[in-house]
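I have placed the structure first, in the form of structure tokens, so that the comments after it can refer back to it.
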Amino acid sequence: MSGVGKGIATSSIGKILQARGLRVTAFKIDPYINVDAGTMNPTEHGEVFVLADGYETDQDMGNYERFLNIELDRGNYMTTGLVYKTVIEKERNLEYHGKCVQVVPHIPMEVISRIKKAAKKISADVAIIEIGGTVGEYENILFLEAVRMMKIENPEDVLTVMVSYVPAPSKIGEMKTKPTQHAVRTLNGTGIQPEIIVARAERPLDEKRKEKIAVFCSVRQEDVISAPDVESIYDVPLNFEKDNLSGILLKKLKLRGKKQNGGLKEWKKSVRRVKNASNKTRIGIVGKYFRTGDFVLSDAYISVIEAIKHAAGSVNSKAVLTWIDSTDFEENPEKLSELKRYNGIIIPGGFGSRGIEGKIAVIRFCRENNIPYFGLCYGMQLMIIEYARNVLGMEGAHTTEVNSKTPYPVIDIMPEQKENMRKKNYGATMRLGQYEAKLVPDTLAYQAYGRDKITERHRHRYEVNPQYVNDIKKSGLVFSASSPNGVLMEIAELPRKQHSFFLATQFHPEFQSSLLFPHPLFVAFLKACKEKR
Ligand code: GLN
């Protein structure tokens, strides 16, 4: 079932095996036709996570990187669309040597070869493969077929784990294992018998329920792992170890690992710090990808949320997050004064025109009222627009993304991007992935990083227009980082004397933050928020 925690289970399995000294890699398979996640609206599928090599992938890849502190690349991700595209291209290139190319076996074979290649590339001891979707649906059947084929080929090296939800309906007052039993039957129909069952539930599973799942689903009782709801996702590896999951995995895969104690020490310390922080920092996140029907969904900004949590933990504070819809300020400008409730405001990445004027009004309010502000990508572009309009007096200044006829195009499309737009080449054509930037000494950014060169991940088509850089600089805003050739602006900030924290980045720092290594800019922002309280 989607949202049940397969991504966190995959990441946590990786973490506990890493803690036993093994080299681990992780792999996500998404069953949709999109070739990558780049063209999908975040309200449809959550955040688009950008890898260092620029590949636009699923948010679970972010979880793997954050838990495992490894850098994954495009070889670690695939979709149905990508697999079919590759097989068809190979067929056109005569790579099947005249054979009739069929859905089975050629599609699963392509899947298997991709998995093996990714694992081999880093000489992994264990490759953990997460198959998206739910057992029994039509879309992921060929990936399950790939698992079945791999298992026949190497029975001792392939192990299947099923993550299943065990509901406890409030009117019944007891946990029900029947949905899990049915799920296993359905999985059996594809020729796969799960060897470990991770039972997701509100509460820990009792022995009675474990026994039931064991009997009806043909697993040993100790191979049923209790995975209750937790306060912090970073508790999950620790919980898994309560049921000795790493020990079970090592034994089943006939792998030797280090002793269990010690490997998770740093992790445990960091989790405790995040959980036990007593003072609260209130952060408002102003965006637009929150609403889905009657529900509020924060999945679209998952890396931002996690980066805030990591940094908050490192300054011994607990971040309390509030979702703020920027369109509210367009309808009711008097609501802006409510922003004073927050210790800091973040405007994350975004596209298009909806809610833009509201965001610009928020930035102005933060600037004029000394509220710490941190802008990410679109959040930097809008900061430049606000500054141009209200400090430099450039009335109507805008990004050409929203107004192509603005008299002051302070944010403009990059020349090579114009060509992409003209040809309607939208997929995987933005400025994507890791780029180097140089920092300017004696700036907030420089202080935060403590070095003069950085590499950060990008995902945008527009840039600060070089024609306006000098005017903006003269009026007091500092560009504290730029591309190595000095043409593209990477960080903008107001000096500390003028504002407690008014800084934004053209890149996405949130993609490189983790529990063990919080991102320096998020840490600096949280420090400023904490001091402002
Ligand atoms: N829409 C802006 C651009 O394409 C910003 C993108 C973002 O925030 N990721 O440049």
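Here residue 437 clears all of (1) within 11 Å of the ligand (Cβ to nearest atom); (2) touching a residue at least 60 places away in the same chain (Cβ under 8 Å) except the condition numbered (1).
When segment 18-66 is filtered for residues that are within 18 Å of residue 130 (Cα to Cα), more than 14 Å from the chain's Cα centre (by Cα) and surrounded by fewer than 22 Cβ atoms within 10 Å (Cβ to Cβ), the ones remaining, listed by number, are 23, 31, 32, 33, 34, 35, 36. With a requirement of 3 or more residues that are closer than 27 Å to residue 323 by Cα and within 14 Å of the ligand (Cβ to nearest atom), the strands (runs of 3 or more DSSP E) lying completely within segment 344-413 that satisfy it span 373-376. Reported count of residues in segment 5-45, each being outside any helix (DSSP H, G or I) and among the hydrophobic types (A, V, I, L, M, F, W, C), is 10.
A quick yes/no check of all residues on (1) surrounded by 21 or more Cβ atoms within 10 Å (Cβ to Cβ); (2) on the phi > 0 side of the Ramachandran plot; (3) modelled with pLDDT of 95 or more; (4) within 16 Å of the ligand (Cβ to nearest atom):
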{"residue": "426", "(1), (2), (3), (4)": "no, no, no, yes"}
{"residue": "456", "(1), (2), (3), (4)": "yes, no, yes, yes"}
{"residue": "469", "(1), (2), (3), (4)": "no, no, yes, no"}
{"residue": "489", "(1), (2), (3), (4)": "yes, no, yes, yes"}
{"residue": "503", "(1), (2), (3), (4)": "yes, no, yes, yes"}
{"residue": "522", "(1), (2), (3), (4)": "yes, no, yes, no"}
{"residue": "526", "(1), (2), (3), (4)": "yes, no, yes, no"}
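Filter segment 242-272 for residues that are closer than 30 Å to residue 371 by Cα and buried (at least 16 other Cβ atoms within 10 Å of the Cβ) and give the result. Even if it seems obvious, please write down each step before you answer.
Step one: of segment 242-272, the residues closer than 30 Å to residue 371 by Cα are 270-272.
Once the filter is applied, which keeps residues that are closer than 30 Å to residue 371 by Cα and buried (at least 16 other Cβ atoms within 10 Å of the Cβ), segment 242-272 yields 270, 271.
Name the residues in segment 338-376 that are of a type in the set (Gly, Ala, Ser) and out of contact with any helix residue (DSSP H, G or I) (no Cβ under 8 Å at 6 or more places or on another chain), would you? Within segment 338-376, 352, 353 meet the criteria. Scanning segment 129-144 for residues that are under 20 Å from residue 181 (Cβ atoms) and of a type in the set (Ser, Thr, Tyr) yields a single hit, 134.
Please verify whether segment 137-144 includes one or more residues that are of a type in the set (Phe, Trp, Tyr), assigned to a helix (DSSP H, G or I) and more than 14 Å from residue 217 (Cβ to Cβ).
yes
Has segment 193-205 got at least one residue that is modelled with pLDDT under 95, surrounded by fewer than 20 Cβ atoms within 10 Å (Cβ to Cβ) and either of a type in the set (D, E, K, R) or out of contact with any strand residue (DSSP E or B) (no Cβ under 9 Å at 6 or more places or on another chain) (or both)? Yes, segment 193-205 contains a residue that is modelled with pLDDT under 95, surrounded by fewer than 20 Cβ atoms within 10 Å (Cβ to Cβ) and either of a type in the set (D, E, K, R) or out of contact with any strand residue (DSSP E or B) (no Cβ under 9 Å at 6 or more places or on another chain) (or both). If you go through segment 347-391 and pick out every residue that is buried (at least 23 other Cβ atoms within 10 Å of the Cβ) and of a type in the set (Lys, Arg), you end up with 1.
Of the residues 496, 461, which is of a type in the set (D, E, K, R), modelled with pLDDT under 95 and over 29 Å from residue 70 (Cα atoms)?
Values: 461 fails: over 29 Å from residue 70 (Cα atoms).
So the residue among 496, 461 that is of a type in the set (D, E, K, R), modelled with pLDDT under 95 and over 29 Å from residue 70 (Cα atoms) is 496.
Only one entry in 121, 85, 90 is surrounded by fewer than 18 Cβ atoms within 10 Å (Cβ to Cβ) and under 30 Å from residue 247 (Cβ atoms), namely 121.
Applying the set (1) out of contact with any helix residue (DSSP H, G or I) (no Cβ under 6 Å at 6 or more places or on another chain); (2) surrounded by 20 or more Cβ atoms within 10 Å (Cβ to Cβ) to residue 69 leaves exactly one unmet item: (2). Among the residues of segment 126-140, count how many are surrounded by 18 or more Cβ atoms within 10 Å (Cβ to Cβ) and at negative phi. Of the residues in that region, 9 qualify.
The values are calculated or read from the model by the stated rules, or taken from the named source; none is laboratory data. Keep in mind that what you see is a predicted model, and the values were worked out from it rather than measured. Please note: Cβ atoms are built from the backbone with ideal geometry, for glycine as well, and neighbour counts cover all protein chains shown.
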